[in-house]
1. Under 11 Å from the 7 Å Cα→Cβ point of residue 27, by amide nitrogen: which residues of the stretch 44-74?
2. Can you quote the Å³ per residue value for the convex hull of the Cα atoms in the stretch 2-95, rounded to an integer?
3. Gap in Å between the Cα centre of the stretch 35-51 and the Cα centre of the stretch 344-416?
4. Can you order the peptides 188-195, 332-339 by their average number of other Cβ atoms within 10 Å per residue, highest first?
5. Using R₀ = 30 Å, calculate the FRET efficiency as 1/(1 + (r/R₀)^6) where r is the Cβ-Cβ separation of residue 35 and residue 8; round to 0.05.
6. If each residue of separation counts as 0.36 nm, what is the full-extension length gain between residue 397 and residue 84 once their alpha-carbon separation is subtracted?
7. What FRET efficiency comes out for residue 478 versus residue 94 if R0 is 45 angstrom and r is the Cβ-Cβ distance? Round to the nearest 0.05.
8. Among 144-156, 12-24, how do they line up from the highest to the lowest mean number of other beta-carbon atoms within 10 Å?
Ligand code: FAD
Ligand code: NAD
């Protein structure tokens, strides 16, 4: 908030009195001291000296990029942060670059044919990435179908994210670690809702749009930025759509279940173990934080989900009264909007194949990724013998969905839960303390000798770091562990 106040103060934070300049590499290199520090991010140069003392990671971290291109470093640490908004008052100008060569008509035509131009497949992608996807389209009187040929078999409805907003049609397909984008301004109007179908065994995705008028389209539309491109997933900027707050329910004294509704013109399913970013504008600045969607309840077999799942997205979110983002979120009224990004995360579903023992170590809201994992494992993995959750909290009042967890343990023979409290009242007669080798070695007992095991761990950073150290000391291999970190 102090930083935002400073940016609104009208002070000249660049020293350029509102001018923007072109910066050469030579000039950039000269500004490499704390009191005169310029950094380039994605071609734009910022004077970050006034921001030094506000940087949550400290001055030294920021100085690692002083006088140079900090894009890679920035992307590694917090690429979701909206630096354009945070640093807009520090903008010096653009890097001086040669003008881009405009596409000629032939190339444009090739793009609209749906084949990926050779020049867009970088050497790394050609070697390690998926084979080039492509797309095509056809129409009937009332429908337009866009087909994406991914040339991969492990494609499902989670793999494609489709949005149609502000005249831009956007379909991003995640194929292995890459992102294939179709981005078009459609030539004619279509209705808001559409359907998405995946033919898994041939890796084909069909998006069926409903025409507003039954006229014949001569072409699909005009290509927009990065249309028909295949790039590593982490290089694709996060894309947001506005979702509406439908309900907010108290779960514990400080944690709430938020239900958001996707717009009808969005197809977005968040894969197990992945998170999204929620974005709100606080005092004119966009603030973004990651959250892990959950299901609306643990006990899917006990009750039908109250609302169909493809339309709603649920979050269990702890409100920190002194926090920056969560009080703002908590102040939203039913019907207000929050921007939700496309998903991110690296849990591979193949880790669950043939699994026999699944151990979940969760602390506080680190429980959130475990919700979908639990549901998935108990309903989809026939080889599974045992799922055990060790849930660390400060007090009994902090335990999220305790009742549901106990009911599930009662009903489902393969599932057990143990609660460990670090600051209980004197009435608590369960397990006590923080994560420790003693607690873990007692808890992580395989159901049979040499069983195939996976341990998932999530919570505050020190909890996860300590847990990982103990797990390695207990001789679990990297392959047997998945940790959730930012
Ligand atoms: P912050 O402003 O970050 O503050 C949090 C607490 O720290 C407050 O008590 C605040 O007073 C204190 N604090 C802040 N700065 C300082 C300081 N300098 N010194 C001392 N104390 C300080 N959370 C969920 O509730 N649900 C989820 O599903 C979820 N999923 C996540 C997924 C990922 C991948 C990650 C990385 C985090 C996830 N989180 C989740 C945490 C979430 O992203 C936020 O960190 C959390 O909501 C706090 O945000 P905030 O801005 O309200 O609080
Ligand atoms: P909390 O402060 O209520 O603590 C819960 C428990 O965590 C404690 O009872 C204790 O057992 C353990 N713990 C806390 N601090 C510890 C420390 N320094 N050393 C060892 N153990 C410690 O937890 P909270 O406020 O609910 O915070 C949850 C955390 O989980 C947040 O930091 C959030 O960012 C993180 N989270 C991460 C993800 C992800 O995917 N990476 C998802 C959800 C939450």
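Nothing in this text is a laboratory measurement; each read-out follows from the coordinates by a stated rule. Source: prediction; values computed, not measured. FYI the Cβ positions are ideal-geometry reconstructions off the backbone, even for glycines, and counts take in every protein chain you see.
1. Answer for this model: 45.
2. Details: hull volume 8.1 nm³, N = 94.
So the per-residue Cα hull volume is 86 Å³.
3. The distance from the Cα centre of the stretch 344-416 to that of the stretch 35-51 comes to 44 Å.
4. On the way: 188-195: 14.6, 332-339: 13.1.
So the peptides 188-195, 332-339, ranked by packing, come out 188-195, 332-339.
5. On the way: r = 23 Å, r/R0 = 0.75.
Calculated transfer efficiency: 0.85.
6. On the way: separation 313, 0.36 × 313 = 112.68 nm, distance 4.01 nm.
Roughly 108.7 nm would be gained on extension.
7. On the way: r = 42 Å, r/R0 = 0.94.
It comes to 0.60.
8. Details: 144-156: 18.0, 12-24: 12.8.
In decreasing order of mean packing, 144-156, 12-24 become 144-156, 12-24.
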